[in-house]
1. How large is the charge dipole for the range 102-299, taken about the Cα centre, if only the Cβ atoms of Lys, Arg (+1) and Asp, Glu (-1) carry charge, to the nearest 20 debye?
2. What residues qualify as long-range amide H neighbours of residue 127, i.e. H under 5 Å apart, gap of 5 or more or another chain, H built at 1.01 Å from N?
3. Could you list which residues have their amide H under 5 Å from that of residue 157, counting only those 5 or more apart in sequence or on another chain, with H placed in the peptide plane?
4. Could you give P(r) for the range 102-299, binned at 10 Å from zero, as whole percent values over all Cα-Cα pairs?
5. Over 22 Å between Cα atoms, which of 203/226; 103/130; 103/155; 140/167; 110/140 qualify?
6. May I ask you to evaluate 6.51 cos²θ - 1.76 cosθ + 1.60, the Karplus curve with θ = phi - 60°, for each residue of the range 111-120 and list the ³J(HN,Hα) values in order in whole Hz, giving x for glycine and proline?
7. In terms of modelled amide H atoms, which long-range or inter-chain residues lie less than 5 Å from the amide H of residue 141?
8. In the range 90-177, which chymotrypsin sites (Phe, Trp or Tyr not before Pro) are in a loop and have at most 13 other Cβ atoms within 10 Å, using DSSP for the loop call?
Amino acid sequence: MMMVKTSLTAALLSVAVIVDQSQAFVPPRTTSIAIEGHASSHETCLLNQRRNDDDGEAILSNQRRHVLQSTAALALAGFSSLPAFADEVAEAVTAPPVVVPMKSFVDNAKPSLFSLDVPQRFFSIRRSAKGDLPDEKTGKGRRGGTIFTAGDMAKAEVIAVERFPVKAMLEDEGYQPSGDLTTIAALGDPVAVATLLIRRREKDKPGTQNSAVLDRNSVVVSPDTKTMTFTFRQEINVQKPELLLEEIGVSELFRTTVAKATLSSNDGQMMAAFASALDQDFNGPDGVALQKAIDSFIATDQATS
C-alpha cells in the first residue's frame, strides 16, 4: 500500500511540473519590419501566416494545459480513493477463519462410559454387538479395544475411542504390574507410556502405515496426573507416487494423530481417544476440529456412577 501511495505521489508531482511548464510556455513571435514603413505583398503574407501559426500554438497550448489538468484531477481522484481500497484489502485479510460445526456425543450404553464432541458431518458408531466390545480382562475384541468410531471416509478422517485394562496393557509389553496403577505418574515416564499406547494401537490396527513417530514435545500430563495428551505422525505407503502427484500434487502421504489417554474412570481401565487426518487436511480447519474433539473427550467416573 505504501508503494502505491509513493507511485501516485511521484506521478502527481510530475504532472504538476508539466502543467507549470506548460503554463509558462509562450511561443516566440517573429515580426517582420518593412523597409521605409512599407511591406511587400510577400512580407504581408508571411506576417499573416505567422499570426495564424501563433494562434495555432496558443490553441494547442490551451488544449495541452486542459489535458494535463484533467489528468492531474483524475490522479487526485484515484489517490483520494486509496483509503477505501485499503479498507477493502484489510477486510479481505481479516476475514474470519472457517469453523467446522461440531455436535456432542454422549455414550448411551449402560453404564455410560464417555462423552465428546465430533464434527457434524461425521458418522458415529457405538459398538454394542457381542464380540465387538473388548473383553473386560484382556481388552481384546474383534476390533481391538475400540468401542466408538466416528469419521469422514471421503477424507479418511477418523476419531476412535478405546478401552482396555491398564494391567493388560503392561503385561502385553512384558511388565509385571503391581501397586498403584491409578495415575500416569504411577505407570512410569509419560513419554514411555505414550509409546506403549501407540504400540498397542499399531498392533490392533495393522495396515499400510509405517511405524508412528511420537512428538516427544507434545506429551503433556494433567495436574492430577490422571490424563495425558500427545501427538504422533505416520507415513502411509504409496504404491504409485507419480500417480498421486498428478492427482493431488503430493507424492507422499502422512497422517497426524492427536490423542488423549485417561485413568479418570477409576475402574482399572484406560480410556483413550484418537483423532487423525492426512496432513493436507489436518493442517486446515479440520485439524482444529479434531483437536477440539480430543480436548472435549471425558471418561465417566465409574466409581461414582
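Each reported figure results from applying straightforward, stated rules to the coordinates on display, with no laboratory input. Because the structure is predicted, anything quoted here is derived from the model rather than measured. Glycine gets a Cβ as well: all are built from the backbone with ideal geometry, and neighbour counts include every protein chain shown.
1. In total the dipole reaches around 640 debye.
2. Under 5 Å from the amide H of residue 127 lie the amide H atoms of 148, 149, each far enough along the sequence or on another chain.
3. Amide H neighbours of residue 157, under 5 Å, 5+ apart: 152.
4. Pair shares across the bins are 8, 35, 37, 15, 4, 0.
5. Long pairs (Cα-Cα over 22 Å): 203/226; 103/130.
6. x, 6, 9, 6, 8, 6, 9, 9, x, 4
7. The answer is 135.
8. Counting only loop positions with at most 13 other Cβ atoms within 10 Å, the chymotrypsin sites (Phe, Trp or Tyr not before Pro) in the range 90-177 are 175.
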